[in-house]
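One structure is given here, and the rest of the page talks about it.
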Ligand code: 3PG
């Protein structure tokens, strides 16, 4: 079954050398990767981003890259470490400013096949405000716009939804592959298991409600499980819970709905395994328990479609082993039955997959975190609609 989005968008692979040679292409990438002390700690998104850049260079376009980089506190960081990384693959120049005489000079001097990376697009207030004038100014730098930043397509930002109003626009290779693979979830083979971890229950609730209709099992873990325990009236001690109220009445009694049957808790420096109704005031749920992993193994053993986003344990506190066990279970299932579709995504989920060198063992690993979840709920994203 082909996704409707795929039929309504033009993708860059439709373009030939005669369409691209000498053309200025404004390429929106997602280069938002973790950087610690100037060092990139996860290159997954960068490796994916290279494909479209290579295609544009092979077809002798002038590639102008715009992207953002946020630090852990939500502030803007410089893209210089990313520039340094990309220099290991290709000849690439950098512009620290937009629309200045220096920036214009760099643009004018671009040769066919050259690549110019601009500083973090979010240093411009017009980006997040989706300012039309700003989008227009950006568009004046180029002849063609390409969106290959799937994981930012849930944002109504100028470089995502504004620029396509002013330029001929195309989707890149990452965007196409994300739509192709994630759309399989809308026409799943059964049994279909949907696994959600991480935090922020209220943002995940629409997904749980939607997939309780189409999946055979919706398994909720991570700190979302604490919210479930709390709504059942259990003590959750010092565990992380959502601070926004939400209504679970329509999901808890659904037989397809599953969560942890046992948990890992910390009590001071001790680590204990408990039933969810045994948690005490001075304890903190940090991961699933061993019984839960066995149950997940059983659920996944016959599954034909498996979707997973978000870690089971508290990654920041170092509780990653149950998440890694789940990654291994899904990878094994995908390997033993070639007809299984397994789709995984989300920052910490992908980090565990990479740590175990399992990336090639799933049908698809999404570059998206929030964008993946929004696409799975709405079957569309603002950035994709702007290309239609
Ligand atoms: C992401 O990291 O998921 C995307 O790059 C979007 O980033 P944002 O949450 O800062 O918009």
ask   = What do you reckon, is residue 377 in a helix (DSSP H, G or I), touching a residue at least 40 places away in the same chain (Cβ under 8 Å), touching a helix residue (DSSP H, G or I) at 6+ places or on another chain (Cβ under 9 Å) and closer than 25 Å to residue 227 by Cα?
value = yes
task = Taking residue 31 as meeting all but one of (1) farther than 25 Å from residue 108 by Cα; (2) within 15 Å of the ligand (Cβ to nearest atom); (3) surrounded by 16 or more Cβ atoms within 10 Å (Cβ to Cβ), write down the number of the exception.
result = (1)
remark   = Reported set for segment 348-361 where residues are surrounded by fewer than 23 Cβ atoms within 10 Å (Cβ to Cβ), more than 16 Å from the ligand (Cβ to nearest atom) and either in a helix (DSSP H, G or I) or touching a residue at least 24 places away in the same chain (Cβ under 8 Å) (or both) is 355, 356, 358, 359, 360, 361
query = Does any residue in segment 34-46 that is under 20 Å from residue 149 (Cβ atoms) come within less than 9 Å, Cβ to Cβ, of a residue that is exposed (fewer than 10 other Cβ atoms within 10 Å of the Cβ) six or more places away or on a different chain, and which pairs are these?
reply = 34/72
request  = For residue 368, state whether it is assigned to a helix (DSSP H, G or I), closer than 25 Å to residue 31 by Cβ, within 16 Å of the ligand (Cβ to nearest atom) and in contact with a strand residue (DSSP E or B) (Cβ under 7 Å, 6 or more places away or on another chain).
outcome  = no
key: Inter-residue pairs, beta-carbon under 6 Å, first farther than 18 Å from residue 214 by Cβ and in segment 246-259, second outside any helix (DSSP H, G or I) and modelled with pLDDT of 90 or more, 6+ apart   = 259/220
remark   = Of the listed residues (147, 131, 124), the one being free of Cβ contacts under 8 Å to residues at least 60 places away in the same chain, over 30 Å from residue 339 (Cβ atoms) and within 16 Å of the ligand (Cβ to nearest atom) is 124
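The values are calculated or read from the model by the stated rules, or taken from the named source; none is laboratory data. Bear in mind the structure is a predicted one, so any value in this text is a computation, not a measurement. We place every Cβ from the backbone using ideal geometry, glycine too, and count neighbours over all the protein chains shown.
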